[in-house]
Amino acid sequence: MTSDLLLDMRDIRIDGFSDERWHPIIKGVNLQLRRGEVMGLIGESGAGKSTLGKAAMGYTQPGCKLTGGSILFDGMDLAAMSEAQKRPLWGTRIAYVAQSAAASFNPAHRLIEQTVEATNRAGLSPNGNPREDAVELYDALQLPNPSSIGARYPHQVSGGQLQRVMTAMAMSPRPDLIIFDEPTTALDVTTQVEVLASMRKIVEEFNTAAIYITHDLAVVAQMADVIKVLRYGEEVEEAETRKMLTAPEMPYTKSLWSVRGLEKPEETSDDLILEVKGVDAAYGVVKVLHDVSITMPRGKTVAVVGESGSGKSTTARVITGLLPQSGGEVLFNGEPLPPQLKNRSRAQLQKIQMIYQMADTAMNPKQTVGEIIGRPLEFYLGFKGRARDARVSELLQMIELDDSFFDRLPSELSGGQKQRICIARALAAEPELIICDEVTSALDQIVQEGILKLLLRLQKEFNYSYLFITHDIATVKAISDEIVVMLEGKVVEQGLKSDVLEPPYPDYTQLLLSSVPEMDPDWLTNLLDARAG
Amino acid sequence: MSDAPETYSASAEVGAVRVRRTRTQRAWIVLRKAPISAWFGLLVVTFYLCVAIFAPFIAPYGEADSSFAAYAPWSDEHWFGTDQIGRDILTRLIYGARNTIGIALATTLLAFVIGGSLGLIAAINRSWLDQLISRAVDVLMAIPSLIFALMLLSIFGSTVWSLIVIIAVLDSTRVFRLTRAVAVNVVVMDYVEAARLRGEGLAWVMRREILPNILPPMVAEFGLRFSFVFLTIAALSFLGVGIQPPTADWGSMVRENASLIQFAQFDLRAAFTPLLPAAAIALLTVAVNFIVDWFLQQTSGLRDDL
Amino acid sequence: MHPVFKTVLKRLGLGVATLFVVSAIIFSSISMLPGDFGEAVLGQAATEETVAAFRDELGLDEPAVVRYFQWVGAVATGDLGTSFSGRSSSGVDRSRPVVDLVGPRLWNTLFLAGVTAMIAVPLALLLGLTAALYRGSVYDRAVNVTTLTTIATPEFFVAYILILVFAAINPWFPSLANVQADTPLAERLYRVALPAMTLTLVIVAHMMRMTRAAIINLLASPYIEMARLKGATPREIILRHALPNAWAPIATVIAFNLAYLVVGVVVVEVVFVYPGIGQLMVDAVTTRDIPVVQACALIFAGTYILLNLIADIIGIITNPRLLHPR
């Protein structure tokens, strides 16, 4: 190792306390970082990436403890130092950027006070005066009104802006190392691009070393020089970014790419199962849908894409009858559906089923799998006793699970299994149309692929029609025949997948599509060049 | 290195599976891990219930038998002496368990029936009805409940029934608030929406989807409300406007024998007499609180991995 | 108009409305009295004329709404009506105005509550804060069990134990807290020592637990972790990052417990035969002296509403989101 080694973590072991005992969270991970280098730390939820990132500061959250290993930062062993000894380093030489900026700023103080707090405490004076320097940093991070935004309070600025102020706060004392802990996860894709670009610019400008934690491989590809993949608290592999993207070695790393490989050939049909015609809808007095029209061919998949607040979930609520429309109509198999849920017949309810984003909250935690899948059978089809149980076990086989799941409670299932049970519950009703509301976005990559493949197979076998609501373009490519793009409660365009995803685009589709990070380290650079030019 | 499976199988995914156990086995496992305070609480409550149920068989004399000398000292015939009109203190204590606990239990149950059902309805309805009940409860809770109870008792008189109804109605406001708050969180769950989308009726949704999921906090609340009601009734009886003589009751016993405390320098044991019923009240509420404390810890985390 | 001002006004309006509804409830209690009430107060031998005169005095024959506004108007000018006691079947009326009964006793009750609050509030905040800062320690757990026990104990049990130890066995303090209007301050303090001690024990337990919970909740905020990761010392974290956000929860805790004190005072006054408004109310309930009961209930409820109002207003004026609107 050369002398420009900034951080050297060896055989880190961290235990966390839950359910009245200690569990290992990090099981012996090494991490080396040179000055000015950016390392991407990726992994699925529960991989321990955030815990490892904080450990690089010598900090463990309440309820966690470091049980082994050494953390050499610029020659000092943070693992052996007391908190009082580490405190002068924190916020000055090592800085932290948290995931939720809105919660991580103190609501009682102005942004500028919080930006320069650590710098002033340490008596540092970067660039002359910390306050003037902070204004320059705000400017460098492309914040609007850099000279006056510091006088505002956290609740007075948007999430994307707060995240940039927090980056300025981290940069103010010119630290040697910044830990970015999922800084863009809570942001919309179009905002994410801007924040990513300004973060990257400022880290490069000051040649600061950084650890960038995320679960999104495409995002980390834009930021990092090297990528380390974690799983279950252990290292899977580490490689230089380009090498990792083009030639991953471990099967697990390869599986992280897999959903992007899945692509369905598009088909269409003239037989329409559902027509949404000029629908308006409002929550109270706030109008959220404006003249929305969507057509759905039978046996095909229509993907509805858009950012949060675009009205895609509201459209689903109108179709299901949860939110009666204020104008327009919804035709199902050519017949108009009554707007109110309570006016729909049992047969109409049966033919349209819904699968939710969070399988956790979509199943009653007090009912067993058998009860959950069995209820629609009993309710719509009159199955009882043995016949019902037999049908439940057929359905379990259809979703690639077996009878041993019959008596389990939802808390005894993994995330992917839960979503499969929800699919089985929808299938049990023998529907024609299934509305899938972000069904894969809460799942890890490898599990997403399994669910999407299952849905495609079931469609082929039983000719189901899917209305697929998502914000993830990779998922859209994998599953859809047609695409509807929505913005601010209006339909921007609807068309075949090939038509929508190929130029020429309407402006918004262009912005949305181009903002989705791609697995190419040059993507952000090219995009910024293209937008500037 | 990684233990990633080469091929993907849905059923092989990791899910925390419980070992199947019978109800009694599970109960025993929970009990064995219980802290001393919870054990203490359980023992005390069991003891009180036994005394309350078997009072006529345990008590040495009759409930209203005043055929003895007044203010007799502690002796073999009268372990804790006699009161101001010559009734055996021990007998009164034993019957007091039956009356005080019985009335408090009936009141708490009534409060839960009223507050619980209104709370569920308000949580599901969420419109004008919810507003109406919630505002009414706000107003009722703006008057301290002991004061309100005193006022209502002065109008309706201190009979056992008016006591039960008044305290139950006043206490149901708190049950309502809790039920509504807990149920509102359950009502917004996707599984409740899924049941409504399926076309299920209101009764089914309430009974099968909501009720099982609000039960743990409701059980804990029952314990807390019971001890609160118990203390309120004891306080009212102590003030002389609660349970009326000749019914034996701990609150009134404290009041009736309070003057004995002044004789501490002459007969220390006699001075303890008024403290006995007070201690009986305190012991029971402390025991219930210990159990609730333990139950809340159980249900907040450990429930799933039994 | 500044949003803080607007929110405060709204809250004040709500407080007034609540007081109005509460007063209506208290007032309407008199209409719920059984029909033969006049006889009950005046005695079996009362003539029809005296009963009629009595009903007329109460205005029972007028519409309820009219009577209510007359009553509110009278209360607003300090006239709380006339006590039922001191009347006789012969029509001789020795009853006294309720104000004369309530006035001096209200002052006594406020004195007792004030002395208690001055000891209990700082003590509870200190204990709660330290228990939150050293949570999980032996100290914290000991405090937890002790307070849980105290909370579950009736006030009169605590009171009699204190009497037994500090008055009966060791005659250090008087067991009867009888004070007169001309009792000097030092003597007054000595006489209310035991009642104040009883109330303090009960209030401190409640208040300390609530303070602890509020502080722990506050310290779990992400911005506190962020402050730590910026190298703030424990002192800076408490004073600069936690305290500015703690006023609202602390005000709520204090108000809640002072309101609780208002109720606790009733039982304690009876135990120590302290001439306060609580004891007056209990006596009035036993003799069914409705005007006195109404006056006392109105005073208790008003105090209760006022305390909660003050806590909410403190919460509003220290909320940065309202102080610095978008």
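Is it the case that A:PHE468 is among the aromatic types (Phe, Trp, Tyr), closer than 26 Å to A:GLU307 by Cβ and modelled with pLDDT of 90 or more?
yes
Among the residues of the range A:480-495, are any in a helix (DSSP H, G or I), more than 19 Å from the chain's Cα centre (by Cα) and acidic (Asp, Glu)?
no
Hey, B:GLN298 hits all of (1) under 24 Å from B:LEU31 (Cα atoms); (2) within 11 Å of chain C (Cβ to nearest Cβ); (3) more than 17 Å from the chain's Cα centre (by Cα); (4) not β-branched (Val, Ile, Thr) but one; which does it fall short on?
Going through (1) under 24 Å from B:LEU31 (Cα atoms); (2) within 11 Å of chain C (Cβ to nearest Cβ); (3) more than 17 Å from the chain's Cα centre (by Cα); (4) not β-branched (Val, Ile, Thr) one by one, B:GLN298 breaks only (2).
For the range A:431-438, check the following and say yes or no: at least one residue is under 23 Å from B:GLY199 (Cβ atoms) and in a loop (DSSP other than H, G, I, E, B).
For the range A:431-438, residues under 23 Å from B:GLY199 (Cβ atoms) and in a loop (DSSP other than H, G, I, E, B): present.
If we scan the range A:297-310, do we find a residue that is touching a Leu at 6+ places or on another chain (Cβ under 9 Å), outside any strand (DSSP E or B) and not charged (D, E, K, R)?
Checked against the condition, which is being touching a Leu at 6+ places or on another chain (Cβ under 9 Å), outside any strand (DSSP E or B) and not charged (D, E, K, R), the range A:297-310 yields at least one hit.
Six or more apart or on different chains, Cβ under 7 Å: which pairs go from a residue in the range B:183-212 that's more than 7 Å from chain A (Cβ to nearest Cβ) to one that's among the charged types (D, E, K, R) and surrounded by 19 or more Cβ atoms within 10 Å (Cβ to Cβ)? Could you list them?
B:VAL192/B:GLU209; B:ALA195/B:GLU209; B:VAL205/B:ARG196
Does the range B:217-228 contain at least one residue that is within 30 Å of C:SER175 (Cα to Cα) and touching a residue at least 24 places away in the same chain (Cβ under 8 Å)?
Yes; the residues of the range B:217-228 include at least one that is within 30 Å of C:SER175 (Cα to Cα) and touching a residue at least 24 places away in the same chain (Cβ under 8 Å).
When the residues of the range A:331-354 are filtered to those that are surrounded by fewer than 22 Cβ atoms within 10 Å (Cβ to Cβ) and assigned to a strand (DSSP E or B), which remaining residue is nearest to the other protein chains (Cβ to nearest Cβ)?
Looking at residues that are surrounded by fewer than 22 Cβ atoms within 10 Å (Cβ to Cβ) and assigned to a strand (DSSP E or B), I get A:PHE332.
Kindly indicate the residue of the range C:3-23 that is in contact (Cβ under 8 Å) with a residue 24 or more places away in the chain and away from chain B (no Cβ under 14 Å) and also farthest from C:TYR304 (Cα to Cα) among those meeting that condition.
This residue is C:PRO3.
Does A:GLU430 fit the bill of being at positive phi and facing chain B (nearest Cβ under 9 Å)?
Judged against the criteria, A:GLU430 is not a match.
Scanning the range A:496-516 for residues that are loosely packed, with under 15 Cβ neighbours inside 10 Å and over 17 Å from A:ASP529 (Cα atoms), which turns out farthest from the chain's Cα centre (by Cα)?
Among residues in the range A:496-516 that are loosely packed, with under 15 Cβ neighbours inside 10 Å and over 17 Å from A:ASP529 (Cα atoms), the one farthest from the chain's Cα centre (by Cα) is A:PRO504.
Can you name the number of the only condition in (1) farther than 18 Å from C:ILE119 by Cα; (2) facing another protein chain (nearest Cβ under 9 Å); (3) touching a residue at least 12 places away in the same chain (Cβ under 8 Å) that C:VAL285 fails?
Failing condition for C:VAL285: (3).
Given the criterion crowded, with 21+ Cβ neighbours inside 10 Å, over 15 Å from the mean Cα position of the chain (by Cα) and closer than 23 Å to B:GLY223 by Cα, identify the matching residue among B:ILE89, B:ILE167, B:ILE94.
Just a single option satisfies the conditions, and that option is B:ILE94.
Are any residues in the range A:174-200 at pLDDT below 90, under 25 Å from A:SER125 (Cβ atoms) and in contact with a Leu (Cβ under 7 Å, 6 or more places away or on another chain), and if so, which ones?
A:SER198
Would you check if C:ILE151 is closer than 30 Å to B:THR273 by Cα, surrounded by fewer than 22 Cβ atoms within 10 Å (Cβ to Cβ), β-branched (Val, Ile, Thr) and modelled with pLDDT of 85 or more?
No.
For the range A:46-127, give me every one of the helices (runs of 4 or more DSSP H) that falls completely inside it and has 1 or more residues that are in contact (Cβ under 8 Å) with a residue 40 or more places away in the chain.
Hits in the range A:46-127: A:49-55, A:101-104, A:111-121.
Tell me, please, whether a residue that is farther than 24 Å from C:SER83 by Cβ, within 11 Å of chain A (Cβ to nearest Cβ) and crowded, with 19+ Cβ neighbours inside 10 Å can be found in the range C:234-243.
yes
Hey, can you tell me all the residues within the range A:158-173 that are out of contact with any Lys or Arg (no Cβ under 9 Å at 6 or more places or on another chain) and assigned to a loop (DSSP other than H, G, I, E, B)?
Selection gives A:SER158, A:SER172.
What residue, of A:ARG164, A:ARG174, is in contact (Cβ under 8 Å) with a residue 24 or more places away in the chain, more than 13 Å from every other protein chain (Cβ to nearest Cβ), of a type in the set (Lys, Arg) and surrounded by 23 or more Cβ atoms within 10 Å (Cβ to Cβ)?
One residue alone meets the criteria, A:ARG164.
Select the helices (runs of 4 or more DSSP H) contained entirely in the range B:1-100, then report the ones holding at least 2 residues which are within 14 Å of another protein chain (Cβ to nearest Cβ) and modelled with pLDDT of 80 or more.
Once the helices (runs of 4 or more DSSP H) in the range B:1-100 are filtered for at least 2 residues that are within 14 Å of another protein chain (Cβ to nearest Cβ) and modelled with pLDDT of 80 or more, what remains is B:36-53.
Go through (1) within 34 Å of the chain's Cα centre (by Cα); (2) among the hydroxyl-bearing types (Ser, Thr, Tyr); (3) facing another protein chain (nearest Cβ under 9 Å) for A:SER393 and report which single condition fails.
Only one criterion is unmet by A:SER393, namely (3).
Pairs needed: first member in the range B:261-281, at negative phi and assigned to a helix (DSSP H, G or I); second member anywhere, at pLDDT 80 or above and among the hydroxyl-bearing types (Ser, Thr, Tyr); C-beta distance under 7 Å; at least 6 residues apart or different chains.
Note: pairs meeting the criteria are B:ILE261/C:TYR160; B:LEU275/C:TYR160; B:ALA278/C:TYR160.
Mind checking which residues of the range C:120-139 are over 29 Å from the mean Cα position of the chain (by Cα) and part of a helix (DSSP H, G or I)?
Passing the criteria: C:LEU133, C:VAL138, C:TYR139.
Out of all the residues in the range A:409-429, is one or more in a loop (DSSP other than H, G, I, E, B), crowded, with 16+ Cβ neighbours inside 10 Å and in contact with a Gly (Cβ under 6 Å, 6 or more places away or on another chain)?
Yes: one or more hits.
With (1) without any contact (Cβ under 8 Å) to a residue 12 or more places away in the chain; (2) more than 26 Å from C:ASN319 (Cα to Cα) as the list, and A:GLN156 as the residue in question, which single condition is left unmet?
Condition (2) is where A:GLN156 drops out.
From the list B:ARG198, B:ARG135, B:ARG225, B:ARG207, exactly one residue is over 20 Å from the mean Cα position of the chain (by Cα), of a type in the set (Lys, Arg) and modelled with pLDDT of 90 or more. Which is it?
B:ARG198
Scan the range A:311-330 for residues that are under 30 Å from A:ARG457 (Cα atoms) and either surrounded by fewer than 20 Cβ atoms within 10 Å (Cβ to Cβ) or within 27 Å of the chain's Cα centre (by Cα) (or both) and jot them down.
Once the filter is applied, which keeps residues that are under 30 Å from A:ARG457 (Cα atoms) and either surrounded by fewer than 20 Cβ atoms within 10 Å (Cβ to Cβ) or within 27 Å of the chain's Cα centre (by Cα) (or both), the range A:311-330 yields A:GLY311, A:LYS312, A:SER313, A:THR314, A:THR315, A:ALA316, A:ARG317, A:VAL318, A:ILE319, A:THR320, A:LEU322.
Quick check on my filter: what residues within the range C:132-164 are of a type in the set (D, E, K, R), over 23 Å from C:ILE250 (Cβ atoms) and touching a residue at least 40 places away in the same chain (Cβ under 8 Å)?
The one that is of a type in the set (D, E, K, R), over 23 Å from C:ILE250 (Cβ atoms) and touching a residue at least 40 places away in the same chain (Cβ under 8 Å): C:GLU155.
The values are calculated or read from the model by the stated rules, or taken from the named source; none is laboratory data. This is a predicted model, so every value here is computed, not measured. Glycine gets a Cβ as well: all are built from the backbone with ideal geometry, and neighbour counts include every protein chain shown.
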